[in-house]
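Each remark here refers to the structure printed beneath this line.
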Amino acid sequence: MNRPHFLLLSICFSLVSNSLLTSPQAAADEDGFVAIFDGQSFDGWKKATENPNSWKVVDGMLVCDGARSHLFYVGDLAPLKSFHFKADVKVEPGSNAGIYFHTKYQESDWPKFGYECQVNVSHKDPKKTSSLYGVENVDAETLAANNIRDNEWYTQEIIVRGDHIQLIVNGKTMVDYTEPSDKEAFSERFERRLGEGTFALQAHDPDSKAYFKNLRVKPLDE
């Protein structure tokens with residue numbers, strides 16, 4: 001084969017290889033995690049009709065900045081029962097957000113179904129990052145002891161297997177909770193129980209700004 005043809009084939013092979021490596025379909029790593037955000041669009045996600053402009057895709061990140069609104073995962077892996085979820089998260093000072101799981105799409109209001117993993121380093125709400133909101137909460141002292149700060153990325157993990165929930169930040173388990181078999185709803189308004197469902201990211205209020213990237217999930221056997 002002459003050199004010009006060899007160089008052309010090499011370039012084509014390189015382009016195809018790079019495309020495969022960066023496509024969402026090829027994002028599963030050796031541990032079985034699959035990307036659920038492509039870093040470029042809302043493909044696989046659905047905005048609530050309430051304040052949809054609170055959500056933007058910027059430089060490979062999902063960014064919430066505005067009035068209350070929720071962004072629901074509606075991709076091929078939903079709904080999920082047992083799973084291992086990971087995301088890199090960052091919040092600006094005084095900001096509040098959240099990651100819901102085992103929830104369902106709704107057009108407005110706070111999600112009625114599922115649990116919330118809190119995203120909050122310095123917002124006035126005393127329930128801090130990696131709290132299982134309203135069920136098993138993390139305080140500011142615990143967060144500070146684990147060096148979780150505003151304007152710095154941390155990795156949030158959520159593991160659900162059967163009736164067992166673990167919330168982990170930067171490799172440190174913050175919540176280890178087993179749902180009682182006779183657990184009632186969190187209140188008349190919310191049904192905080194395991195079953196199956198999807199993820200939802202929360203834009204909490206106009207004074208809060210949070211960033212999410214590298215969202216990935218691995219389905220688990222129960």
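Within the stretch 80-118, the set of residues being at positive phi, within 14 Å of the chain's Cα centre (by Cα) and not small (Gly, Ala, Ser) comprises just one member, His102.
For the stretch 170-182, the tally of residues that are charged (D, E, K, R), assigned to a loop (DSSP other than H, G, I, E, B) and either in contact (Cβ under 8 Å) with a residue 12 or more places away in the chain or surrounded by 13 or more Cβ atoms within 10 Å (Cβ to Cβ) (or both) stands at 1.
Candidates Ile159, Ile165, Ile148: the one that is open to solvent by less than 60 Å² (accessible area, probe 1.4 Å) and without any contact (Cβ under 8 Å) to a residue 40 or more places away in the chain is Ile148. The set of residues from the stretch 38-60 being open to solvent by less than 30 Å² (accessible area, probe 1.4 Å) and not in a loop (DSSP other than H, G, I, E, B) comprises Trp45, Ser54, Trp55. Quick check: is even one residue across the stretch 144-161 more than 28 Å from Gly60 (Cα to Cα) and either in a strand (DSSP E or B) or modelled with pLDDT of 95 or more (or both)? Checking the stretch 144-161: at least one residue is more than 28 Å from Gly60 (Cα to Cα) and either in a strand (DSSP E or B) or modelled with pLDDT of 95 or more (or both).
Picking from residues in the stretch 183-192 that are of a type outside the set (A, V, I, L, M, F, W, C) and in contact with a strand residue (DSSP E or B) (Cβ under 8 Å, 6 or more places away or on another chain), the one that is most open to solvent (accessible area, probe 1.4 Å) is Glu191. Restricting attention to the stretch 130-140, which residues are under 14 Å from Val89 (Cβ atoms) and either open to solvent by 20 Å² or more (accessible area, probe 1.4 Å) or not in a loop (DSSP other than H, G, I, E, B) (or both)? Across the stretch 130-140, there are no qualifying residues. Of all residues in the stretch 115-138, those that are aromatic (Phe, Trp, Tyr) have Cβ atoms under 6 Å from Cβ atoms of residues that are assigned to a loop (DSSP other than H, G, I, E, B) and open to solvent by less than 30 Å² (accessible area, probe 1.4 Å), 6 or more apart or on another chain, in Tyr115/Arg192.
Lys81 - would you say it is open to solvent by 20 Å² or more (accessible area, probe 1.4 Å), closer than 27 Å to Ile159 by Cβ and not acidic (Asp, Glu)? It is true that Lys81 is open to solvent by 20 Å² or more (accessible area, probe 1.4 Å), closer than 27 Å to Ile159 by Cβ and not acidic (Asp, Glu). Number of residues in the stretch 114-129 that are more than 13 Å from Phe101 (Cα to Cα) and assigned to a loop (DSSP other than H, G, I, E, B) equals 10.
The values are calculated or read from the model by the stated rules, or taken from the named source; none is laboratory data. As the structure is a computational prediction, the values presented were derived from the model and not from experiment. All Cβ positions, even for glycine, are placed from backbone atoms using ideal geometry, and neighbour counts span all protein chains on display. Accessible surface areas use protein heavy atoms only, side chains included; no ligands, DNA or RNA. Shrake-Rupley method; radii C 1.70, N 1.55, O 1.52, S 1.80 Å.
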